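Chemist: Take this structure first; my questions come after.
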Amino acid sequence: MKTFDYVRPATIADAVAAGAQPGASYLAGGTNLLDLMKGGISRPERLVDVTHLTGLDRIERLGDGGMRIGTLVRNADLAHDPEFAKSYPAVAEALLSGASAQLRNAATVGGNLLQRTRCGYFYDPASACNKREPGTGCAARDGENRLHAVLGWSERCIATHPSDFCVPLVALDAIVEIEGRSGRREIALEALYRLPGDTPERESVLEVGDLIVALRLPAEARAFSTHARYLKVRERTSYAFAVVSAGVALRIERGTIREARLALGGVAAKPWRARSAEATLAGGSPNPASFRRAAEAALAEARPSGDNQFKIELARRIVARALALAAAGTPARLPALPASPFASVSGAFA
Amino acid sequence: MSFSISLTVNGVRRDVELDDPRVTLLDLLRERLHLTGSKKGCDRGQCGACTVLVGGRRINSCLALAVSHDGADVLTIEGVARGDALHPVQAAFIAHDGLQCGFCTPGQVMSAIGLINEAQAGDDPERVREAMSGNLCRCGAYAGITEAVLEAQQNLVTASQRRSA
C-alpha cells in the first residue's frame, strides 16, 4: 500500500476543504477503499477520515413521512432499524443479502453508494483497464466476461456496479444530499451515476471535494411497503455479489397494479431503473403473463458484452419471479436467506 | 508523521504511538500488542479469520485502519475466557468438534459471539449459517460450528434468564 497523509476533520466544512485537495479520498467504513489500497488500485495521497464527524449517523423520520439516513449509518443498523425495515422492506432485504455480517457492521451508507466495480481486471494492476488507467484498453472485452454488463456498456468498459442496496433505492426514487465546495445540493440517486461511454473512469457526477452527507427516501415510497421484494442470483448461497438482481415494488389496489417500480442490479455500470417495464404493469392485473411482458420490456435493449448472453434471459426470469414474489406480499419476517431464490427451500440442507 | 492513539483492548487501556498510518487494526493487535490470536488469513475481508468485536460488534480487523479506531473498545479472542474458564462459545466449539486445524477458530468464535449479541438468528440453523457466512473454514467444520453456535446461544440465554430470575 502506498503511504498517505491522514487527517481527521472536526466539521463537515473542514472535511470538504480537506477532501478538495489533490489526491484526497474520504475514508468511512473502509471495507472497499482499504481493499483497493492494499491492491494498489486506489493510491490516495491523503485520507480524510469522516468517521469521527458528529450528526451523520442518524436515521430520522421526516415531517413529510419520508426518512433521512445519515451517510455514516452502518448497513446492519439501517437494515435492522424497525421503522426503516417496515417502511422500505425491499431495501432492508437488499442490505441483508449483501456481503457478510462483519462487513455490514462496518460498511456505511455513503460508502456503499460509491463502491467500485468488482471487475477482476479492474482489480489486477497488470491488466489493461480504462477505468483504472484511462486509455490502456479493456482486458475484460476479450477476457473472462461472463459476469459483465448487458446494458449500458461501451467498448471502453463493460464493468458492473456491484451494490445490492442501490437497486431498490433507485426503484424508490431515493435522493442523495451532497455537501460540496459551493454548499449543499441534492440529486436523485439514479442521476448520481454515469454510464461508461468514453470515460469509464468518471463513475459519478460528484465533483472534487463533494461529500455525500445523507440519503433520503420519499414518503411516497412507503406506499409500496406491502408489496416489495429484492431477489438476487449469486454463484454461492451467501456472501457473494449479484450475478443478476431485481428490486421490485408494487402498489396494488383491489387486484389492480396502480404503480410499479423496478430496478435491476448486476447488469450495468449503474443500478438500472426499468421505466418501460414499469409502464407495462401500471393499470393491469398481477399475473404471470403481465410479469413476463414486463421482463421482456426491462431487457429489450440488452445485448451481451461477451460470454454473458445467459444473463439476459436470467434477468428476465429474475424480474418475473421478483414481481410474483412482490405481488404475493412482503413477508412478515425476511426469509433466512434474504433475497435468495432458494429461500423457498430453506431448511432443505439442515 | 506519527499518530498517538488510545484504545481499550480486552478491558485494558492501551496508548499506542503509530509511526505509519497504514497499520490495520489487525496488525496493531498482532505485531504491536502481540495479541496473535486474531489471525491474518486473506487480509482482504474475505475469510473472517481476523474477526474481533469493536464496541460489541463483529468486524474484519484487516479492513480497519488502527488510526481511525482511536478511542475504540476492542475485544479479541484473548479477552473472552475468564482465567481457565472458557467462554460458553469456546466450550461449545470443543464439545461439537467445531474445528479441525484451528486457524479460523478465533475468528469463528468472535463472529459467533457477535452473532449472539445481534440476536437475529434465533434457533434456526439456516439463519445461523447465513449469519456466519463471513467466516470460512477450509477444514469444512461447518456442521459442528453451526451446532456449537446454537448450543452456546441456548446456554447463554438460559444463564441470563437464571441471573434475572
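Bear in mind that the values in this text are calculations on the coordinates, not laboratory data. The structure displayed is predicted, hence computed values, not measured ones. Positions of Cβ are backbone-derived with ideal geometry, glycine not excepted, and every protein chain shown enters the neighbour counts.
Chemist: Beyond 14 Å, what percent of the Cα pairs of the stretch B:88-160 remain?
Modeler: Working: 1340 of 2628 pairs.
In whole percent, the share of Cα-Cα pairs in the stretch B:88-160 beyond 14 Å is 51.
Chemist: Here's something else I'd like to know. Roughly how many Å is it from the Cα centre of the stretch A:160-201 to that of the stretch B:1-41, as a whole number?
Modeler: The two parts, judged by their Cα centres, are 36 Å apart.
Chemist: Is the C-alpha gyration tensor of the stretch A:171-227 telling us rounded, prolate or oblate? Criteria: a/c under 1.5 is rounded; beyond that, a/b larger than b/c is prolate, otherwise oblate. Please report the intermediate quantities before stating the final value.
Modeler: On the way: a/c = 4.08, a/b = 1.49, b/c = 2.73.
In terms of gyration-tensor shape, oblate.
Chemist: Let's test this: bin the Cα-Cα distances of the protein assembly as shown at 20 Å from zero up to the farthest pair and state each bin's percent.
Modeler: Each 20 Å bin holds this share of Cα pairs: 22, 56, 21, 1.
Chemist: Which chymotrypsin sites (Phe, Trp or Tyr not before Pro) in the stretch A:259-350 sit in a loop by DSSP (not H, G, I, E or B) and have at most 15 other Cβ atoms within 10 Å of their own Cβ?
Modeler: Hits after loop and neighbour filter: A:Phe342, A:Phe349.
Chemist: Now for a separate question. If a/c stays under 1.5 just call it rounded; otherwise compare a/b with b/c (prolate if a/b is bigger, oblate if not). Do that for the stretch A:108-191, with a ≥ b ≥ c from the square roots of the Cα gyration tensor eigenvalues. Write down the numbers at each step before the final one.
Modeler: On the way: a/c = 2.48, a/b = 1.79, b/c = 1.39.
It is prolate, given that a/c is not under 1.5 and a/b is the larger ratio.
Chemist: Using DSSP to call loops (not H, G, I, E or B), can you name the trypsin sites (Lys or Arg not before Pro) in the stretch A:250-350 whose Cβ has at most 11 other Cβ atoms within 10 angstrom?
Modeler: Taking the stretch A:250-350 and a limit of 11 other Cβ atoms within 10 Å, the loop trypsin sites (Lys or Arg not before Pro) found are A:Arg254, A:Arg333.
Chemist: Return the percentage of antiparallel bridges among DSSP beta bridges fully within the protein assembly as shown, rounded to the nearest 5 %.
Modeler: 85
Chemist: How large are Rg and Dmax for the stretch A:222-336 when calculated on the C-alpha trace, in angstrom?
Modeler: According to the Cα coordinates of the stretch A:222-336, Rg and Dmax are 13.8, 44 Å.
Chemist: Would you list which lysines come within 25 Å of A:Lys2, measuring only between C-alpha atoms, while excluding same-chain residues fewer than 8 positions from it?
Modeler: A:Lys38, A:Lys131, B:Lys39, B:Lys40
Chemist: Next up: So which GluC sites (Glu not before Pro) in the stretch A:124-200 are both in a DSSP loop and have at most 14 other Cβ atoms within 10 Å of their Cβ?
Modeler: The qualifying sites are A:Glu144, A:Glu155.
Chemist: Oh, and also: May I ask you to list the lysines whose Cα is less than 24 Å away from that of A:Lys86, ignoring any residue fewer than eight positions away on the same chain?
Modeler: Straight-line reach from A:Lys86, under 24 Å: A:Lys232.
Chemist: Can you compute the helix-only [θ] at 222 nm over chain B? Use -39500 (n - 2.57) per DSSP H run of at least 4 residues, normalise by all residues, nearest 500 deg cm²/dmol.
Modeler: Mean residue ellipticity at 222 nm (helix-derived): -10000 deg cm²/dmol.
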